[in-house]
2 protein chains.
Amino acid sequence: MGHSIQNMLEREQQQLNTALTSYIKELTIPDRLKESVLYSIEAGGKRLRPLLMKLTCTGLGGDPEKVYPAAVALEMIHTYSLIHDDLPAMDDDTYRRGQLTNHKKYDEATAILAGDGLLTNSFHVITTSNLYTDQEKVNIVTKLSKASGLEGMVAGQYLDMEAENQTITISNLERIHHLKTGRLISFAVVIGGFLAGASLGTMEILKKYGDYLGIIFQIQDDILDIEGDQAIIGKRVGSDIDNEKNTYPSILGLDGAKRYKAKYVNEAVQCLQEVGLENTDLALISSYLSERNQ
Amino acid sequence: MGHSIQNMLEREQQQLNTALTSYIKELTIPDRLKESVLYSIEAGGKRLRPLLMKLTCTGLGGDPEKVYPAAVALEMIHTYSLIHDDLPAMDDDTYRRGQLTNHKKYDEATAILAGDGLLTNSFHVITTSNLYTDQEKVNIVTKLSKASGLEGMVAGQYLDMEAENQTITISNLERIHHLKTGRLISFAVVIGGFLAGASLGTMEILKKYGDYLGIIFQIQDDILDIEGDQAIIGKRVGSDIDNEKNTYPSILGLDGAKRYKAKYVNEAVQCLQEVGLENTDLALISSYLSERNQ
């Protein structure tokens, strides 16, 4: 089963990468800035959010082709957030996905501008798509800007930095990850449902499901930072402990974090049952994410 | 005449400031991040772009109230660009509009996130407005993201930094300012026309007019950095020369720059005549901008 999921992930990654890079390559951008944008875009990553969007859409009977512009926009926003999070003034990281971070490969000014540009153009991708009606475009831009803006991901990154070197409660930690990771994952599955014509009720449940998945994903990230294999993950293991970061294992212990994760896996499965998606590829991914080793 | 323009500017500034701050204040944002966003938003500035949008709209017979959401969004993007441009990795400025820059008052991480958030939420302001049809929203988001993104303002800021410590030609300098300043000013007047129901032909001329105005504005900025009064401008005079920046006076000489500006003032006036706006407040502003002392 793990093997077929890997195949599915890789196939989806290729399709998404093609859509992403061809959008960027067609733009008229100063050479080195374009190179820097493509450097981070082509660094890859799991393309998890686009996959979740697509599987939700197809699971609910929608046309998979329709997700691409929204998925490309979402991945552009995800990529911008990684570039900015890695900056010296933020998490000050040297490596990401096994290669130098954008500001180390280029310079800080270029990295800031590459991030700003990816964020800005993500909305342009949506409003200029010929696959959506105006009403769909407005709905997608509204949800994406809300999920990633001052009340969403940006607030999450801010709170994450504010919590550094402080001991926080598990509910504060969850709030941070809800904003920083959960909101964009929820966006992915909600838009997947929206493009399949799902009801408001179904979208509400998908939103909760995305939120649980975000927490599961984060707990597993924290666990991998303790138990993971550096060569497989592509980044240094043990950095959370060195940086005295608040993590699920640091608050609940390693076993406690694993039990906590199991609880959310159950909640996520229940959401899928409520919308009739428990026997789809989306359900496979949900359990894969909870057990992944990278 | 100068006095009545000052009055008009101040009246418009107040209306725009009220719309801007009430939007931000209603958002649920972590306290200190919100404070930092409001700090830069309330730092004021001339609110020139919103005024140009409004005067174009009313000059062409449109409803002035309709410009506010687009004007607020535009000013949020302008503010984000100033916050990011002032960062140590970019222009490394300590003062802006007579007060500490955002990252000096708060810190770099907060300034980066305040900028990211303002940029993201600017699109949310447009798509959630109840003054626009879906078609208008899509049109405004498309134009705004294009003008400010990888092919617009972001490219301009990148080229501006790349040109530092290099001698460039006047046409390269114009290209930089066209992207960095002109695109957003053109957006202001084009959307002002769009919201008044202007034809595509009129919007094409308005776009050119906005571009000329951007160049005029920039030349005057450069002249003020030589001849201006620090107490009135609110920032240090002579910094362009100290930083060996490429400016119109550095390439053309001070008198040459003034003549160059006069040429563009004529071009701008001609555009206004072509669309029948030569006897409106927009024309007054155009000549005011070319002579302003702050």
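If you go through the stretch A:61-99 and keep only what is within 20 Å of A:Ala196 (Cβ to Cβ) and touching a helix residue (DSSP H, G or I) at 6+ places or on another chain (Cβ under 6 Å), you end up with A:Gly62, A:Pro64, A:Lys66, A:Val67, A:Tyr68, A:Pro69, A:Ala70, A:Ala71, A:Val72, A:Ala73, A:Leu74, A:Glu75. Filtering the stretch A:98-136 to residues that are of a type outside the set (Phe, Trp, Tyr), closer than 16 Å to B:Asp134 by Cα and surrounded by fewer than 24 Cβ atoms within 10 Å (Cβ to Cβ) leaves A:Thr128, A:Ser129, A:Asn130, A:Leu131, A:Thr133, A:Asp134, A:Gln135, A:Glu136.
For the stretch A:243-260, state whether one or more residues are without any contact (Cβ under 8 Å) to a residue 24 or more places away in the chain and more than 20 Å from A:Leu173 (Cβ to Cβ). The answer is no; no qualifying residue exists.
What do you reckon, is B:Lys137 more than 25 Å from B:Ser239 (Cβ to Cβ) and within 18 Å of the chain's Cα centre (by Cα)? Judged against the criteria, B:Lys137 is not a match.
Among the residues of this structure, A:Ile223 counts as one that is touching a Phe, Trp or Tyr at 6+ places or on another chain (Cβ under 8 Å) and surrounded by fewer than 24 Cβ atoms within 10 Å (Cβ to Cβ). Within the stretch B:223-244, the set of residues being within 22 Å of B:His178 (Cβ to Cβ) and under 20 Å from the mean Cα position of the chain (by Cα) comprises B:Ile223, B:Leu224, B:Asp225, B:Asp240. Counted as qualifying within the stretch A:114-213 are the helices (runs of 4 or more DSSP H) with 1 or more residues that are out of contact with any helix residue (DSSP H, G or I) (no Cβ under 8 Å at 6 or more places or on another chain), away from chain B (no Cβ under 11 Å) and without any contact (Cβ under 8 Å) to a residue 24 or more places away in the chain, namely A:170-177.
Search the stretch B:20-34 for residues being in contact (Cβ under 8 Å) with a residue 24 or more places away in the chain and either over 28 Å from B:Asp93 (Cα atoms) or surrounded by fewer than 16 Cβ atoms within 10 Å (Cβ to Cβ) (or both), and hand back the single one that is nearest to the other protein chains (Cβ to nearest Cβ). So the residue we want is B:Leu27.
A short reminder: the numbers here are calculations on the coordinates, not readings from a lab. Predicted model, so just to flag it, every value in this text is computed and none were measured. Every residue, glycine as well, gets a Cβ built from its backbone with ideal geometry; the counts of neighbours run over all protein chains shown.
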